[in-house]
1. Can you name the residue in segment 773-806 that is of a type in the set (G, A, S) and over 33 Å from the mean Cα position of the chain (by Cα) and is also most open to solvent (accessible area, probe 1.4 Å) among such residues?
2. Do you know which residues across segment 446-461 are free of Cβ contacts under 8 Å to residues at least 40 places away in the same chain and either of a type in the set (K, R) or farther than 19 Å from K507 by Cβ (or both)?
3. Name the strands (runs of 3 or more DSSP E) wholly inside segment 205-316 in which the number of residues that are touching a Ser or Thr at 6+ places or on another chain (Cβ under 9 Å) and of a type in the set (S, T, Y) is 1 or more.
4. Say we look at segment 346-369 and pick out the residues that are open to solvent by 20 Å² or more (accessible area, probe 1.4 Å) and in a helix (DSSP H, G or I); which of these is nearest to F123 (Cα to Cα)?
5. Here's a check for you: in segment 738-776, which residue that is polar (S, T, N, Q) and at pLDDT 95 or above is nearest to D713 (Cα to Cα)?
6. If I ask for residues that are open to solvent by 70 Å² or more (accessible area, probe 1.4 Å) and over 14 Å from S80 (Cα atoms), which ones from segment 1-42 would you list?
7. Please work out if Y387 is within 26 Å of I244 (Cα to Cα) and either at pLDDT 90 or above or charged (D, E, K, R) (or both).
Amino acid sequence: MGLQEYRRKRKFSDTPEPQDGGSAGPTRIFVVQLHHASHRHYDFRLELDGVLKSWAVPKGPSFDPSVKRLAMEVEDHPLSYATFEGDIPKGNYGAGHVDVFDHGTWEPIGSAHDGLAKGDLKFTLHGDVLRGSWVLVRTRRAGAKNQWLLIKHRDTFAGPRDANDFVDPKTDRPLPLAQRRKTWPKQAGAPTVAKRTPALSKLAGSTAEEIRDEAFAPELCKSLATPPSGDDWLHEVKWDGYRIVATVVRGKVRLWSRNAIEWTARLPELVQAVAALKLRSAQLDGEMIVLRDGRDDFNALQARLSADATNEPIVYMLFDLPHLNGQSLRNVQLVERKALLAQLLGANPQPALRYSEHQMGNGKAAFAQAVASGLEGIVSKRAGSFYRGMRNGDWVKAKGRPSDEFIVIGFTEPKKSRAGIGALLLAQPRDGGLVYVGRVGTGLSDEQLRSLRKQLQKDVVDAPPADIALMARSDQKLGIWVRPRLVVEAYFQGIGGQGLLRQPAFKAMRTDKSPGDLLVEKADKPNAAKKGAAAKKGTPAKKGTPAKKGTLATATRSSQSAVAAAVENMPAGKSPGKPRRATGDQQRVADAVVITHPEREVFPGTGITKGEVADYYRAVSRWLLPELAGRPVSVVRCPGGIGQQCFFQKHVGTGWGEHVHGVAITESKGEARYVCIQDEAGVLELVQMNVLELHPWGAKSSDPKHADRIVFDLDPHASVAWPRVRAAARDVRRQLDSIGLQSFLRTSGGKGLHVVVPLNPPAPWDQVKSFAQAVAQAMTALRPDEFVSVAGEKKRDGKIFIDWLRNGRGATSVASYSLRARSSAGVAMPIAWEELGRVSSGDAFTIGNVLARIARRADDPWKSISKVKQSLPTL
């Protein structure tokens with residue numbers, strides 16, 4: 001834009017504003033100025049290309065990720081404007097008083113130029129007031145190209161405050177700088193530790209944090225055919241081994257697999273090596289490998305772990321450091337985390353611990369070099385990315401020699417002198433089920449063939465647990481089918497015209513992965529069985545290709561994870577054929593629901609689309625529907641995604657679909673038709689109407705005057721640390737147990753937890769509301785330092801609000817498995833009471849990880865909630 005527009009609007013003979021000037025320093029600056037013009041507002045400015053890119057923010061920045069603040073893009077300003085304060089005389093453009101509210105440095109997350117051009121600029125601020133990760137998102141309203149939204153990302157700097165909290169209400173001027181700095185730590189909400197490493201505490205994004213002695217979710221990769229280009233990516237070798245995360249708590253070292261299985265006892269040499277670093281607390285991320293002739297060898301690793309080759313030394317190739325000595329580094333840029341890791345390993349070298357080197361930029365050359373060296377491929381990572389424990393596209397991988405992972409669905413008998421089995425029959429997820437993609441026998445040793453026969457013989461079933469239409473009819477008669485339990489990795493030379501693997505060769509057993517893990521991952525990979533195959537009717541669109549308007553939403557991780565749960569829980573000796581979510585006409589109706597604009601991003605900056613929301617609700621419908629079916633439901637609709645206006649709606653609209661019914665509810669002004677659904681098709685028709693959240697009544701439509709659920713919503717103030725919320729839930733449970741009421745638990749998908757009490761028989765609403773209020777008041781009386789039972793911000797500071805108001809007639813509470821319209825894409829998730837200690841926050845479960853959890857869990861923690869017989873007691 002340049003400064004032409006800035007100069008055109010001003011008469012510099014009449015205004016003290018600078019005409020130009022200012023020089024760029026080693027780091028980019030930002031400034032926020034409080035401007036008392038004709039309309040009081042905040043001016044938000046970022047240095048880029050020698051000028052200050054500027055936005056007028058009427059209400060000022062908010063630290064609450066759920067609040068979107070309007071930001072109008074205005075003309076560029078000179079760098080010298082960053083220090084301007086004073087009065088712009090009346091009669092001049094922008095007349096009024098200007099104060100510097102905050103200033104500091106900033107870094108873009110990714111390319112700043114690309115972010116501006118696309119209308120999605122992510123960045124990190126390091127100021128006295130504004131800190132952490134933010135995003136500016138351009139709205140899509142017609143004729144409003146200069147209209148943006150300023151949104152705080154959910155990190156340790158997020159909280160309930162906004163800019164006006166740092167302004168003196170008497171003078172309407174910014175508080176003195178010392179007072180602003182003093183005010184800030186109260187809203188960060190991060191617990192302190194006894195000792196802090198000075199260098200770490202000064203690192204941008206680093207915050208004090210205690211960690212628990214438990215596994216943490218690792219950052220995961222998406223698959224690409226070719227690595228990304230650009231100088232904002234770093235590239236590492238893709239190590240061929242097992243992913244291991246390590247925790248150190250008060251000097252005690254524990255090791256975990258990527259899916260939270262503890263490996264500490266199996267790897268004493270790695271435990272000893274990490275312990276030798278003499279860390280007080282840490283989280284380390286890396287790959288466990290065995291090196292042979294200077295290269296990683298996966299088969300040698302497996303032999304080592306099976307004790308067949310005990311002399312093979314194991315190496316822990318480390319590439320990330322999310323936590324170190326009482327400081328969380330998750331909001332520190334990756335390049336800085338890696339620099340600390342290199343420094344840590346260099347200061348105390350251990351033969352079993354190696355640093356994973358990287359190359360900045362030029363991904364094409366890095367990939368070519370890796371392939372030429374005989375390595376598997378490379379992993380590319382955004383240099384400025386944070387550690388989120390998600391598969392969000394910040395880490396991607398590209399393989400040189402094609403290989404993929406497959407689920408074993410059967411085997412054939414051996415021929416001639418071959419031992420054990422002839423070949424493994426392989427499947428991959430597609431269209432919500434498992435589909436046969438080929439067989440592999442090459443590369444298996446005699447010992448492996450005999451061992452596989454013993455393993456598989458125990459799981460034989462009488463029908464194929466997958467669609468075997470691609471298998472030749474003559475071969476179908478030869479297949480011996482098994483329950484899908486094992487995952488293998490195989491090389492292959494592309495896909496043949498019939499959609500089957502060409503020249504597959506066995507690579508390895510993937511004992512670190514279950515079919516549930518694999519099915520979730522496949523949603524983010526190109527489907528191997530479809531590459532090169534002729535397109536068929538109903539085939540999902542290739543990843544990265546927007547689905548056409550009006551097409552069915554493509555099957556992604558959600559529907560595949562539903563299959564995972566189905567096949568892994570299938571009894572031995574039986575087979576469901578091709579797994580289905582429902583049967584007969586019901587499923588055909590649900591599959592026929594049209595999701596328009598499935599490519600539209602719903603959660604800004606995450607890549608989560610409307611189509612993926614539909615697929616998620618398809619996958620969880622079997623657990624979600626018991627929470628919704630036959631109840632009045634209120635919904636939260638976000639037509640433009642959560643970056644734009646969302647609204648609550650309880651009355652059914654016209655044209656919502658034939659499976660979204662209305663139920664008659666008597667209101668003060670007469671009778672109204674409330675939303676009500678009965679099946680998966682109804683859920684999907686709500687998604688088509690841009691519904692994200694589902695909030696049912698605690699009563700059935702058939703008996704709206706009586707409640708069969710009581711919900712205690714534990715809503716913590718921002719200053720309350722999470723361990724206190726967990727303890728509060730247990731306190732409420734004990735109180736309920738003391739009066740003979742069994743309760744169930746779920747995360748809210750937001751800040752807190754819900755304690756849910758089923759009633760059978762149901763009770764009148766007025767009695768339920770009085771009872772809930774009495775329990776909340778009793779808890780407050782027992783623990784006045786912890787609880788408050790009265791709404792209101794002034795009384796909630798430092799406490800947990802027991803929200804009992806959700807138990808009146810017409811009030812609702814979010815459904816289990818419902819998404820939340822928040823930047824974290826959290827899910828309200830039922831959990832067992834025994835699991836509470838392992839849950840890290842109210843939004844620990846998200847659309848990105850909840851399906852894998854469902855596939856892994858042994859049982860539904862709420863499966864007995866409808867069978868509990870208990871009445872409302874008299875207090």
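The values are calculated or read from the model by the stated rules, or taken from the named source; none is laboratory data. Values in this document were obtained by computation on a predicted structure and should not be read as measured data. Methodologically, a virtual Cβ is constructed for each residue, glycine included, from the backbone with ideal geometry; neighbour enumeration extends over all protein chains shown. Please note that ligands, DNA and RNA were not included when accessible areas were found on the heavy atoms of the full protein model with its side chains. Shrake-Rupley method; radii C 1.70, N 1.55, O 1.52, S 1.80 Å.
1. A781
2. R450, K454, Q457
3. Numbers: elements: 233-237, 242-249, 252-257, 281-292.
Because the criterion is at least 1 residues that are touching a Ser or Thr at 6+ places or on another chain (Cβ under 9 Å) and of a type in the set (S, T, Y), the strands (runs of 3 or more DSSP E) in segment 205-316 that meet it are 242-249, 281-292.
4. Of everything passing the filter in segment 346-369, K364 is nearest to F123 (Cα to Cα).
5. By that ranking, first place goes to S748.
6. The answer is M1, Q4, R8, K11, S13, D14, P26, T27, S38, H39, R40.
7. So Y387 fits the description; yes.
Here is a yes/no grid of residues against (1) part of a strand (DSSP E or B); (2) modelled with pLDDT under 90; (3) touching a His at 6+ places or on another chain (Cβ under 8 Å); (4) among the acidic types (D, E):
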site: S80; (1), (2), (3), (4): no, no, no, no
site: D87; (1), (2), (3), (4): yes, no, yes, yes
site: G91; (1), (2), (3), (4): no, no, no, no
site: G94; (1), (2), (3), (4): no, no, yes, no
site: V100; (1), (2), (3), (4): yes, no, no, no
site: G110; (1), (2), (3), (4): no, yes, no, no
site: D114; (1), (2), (3), (4): no, yes, no, yes
site: F123; (1), (2), (3), (4): yes, yes, no, no
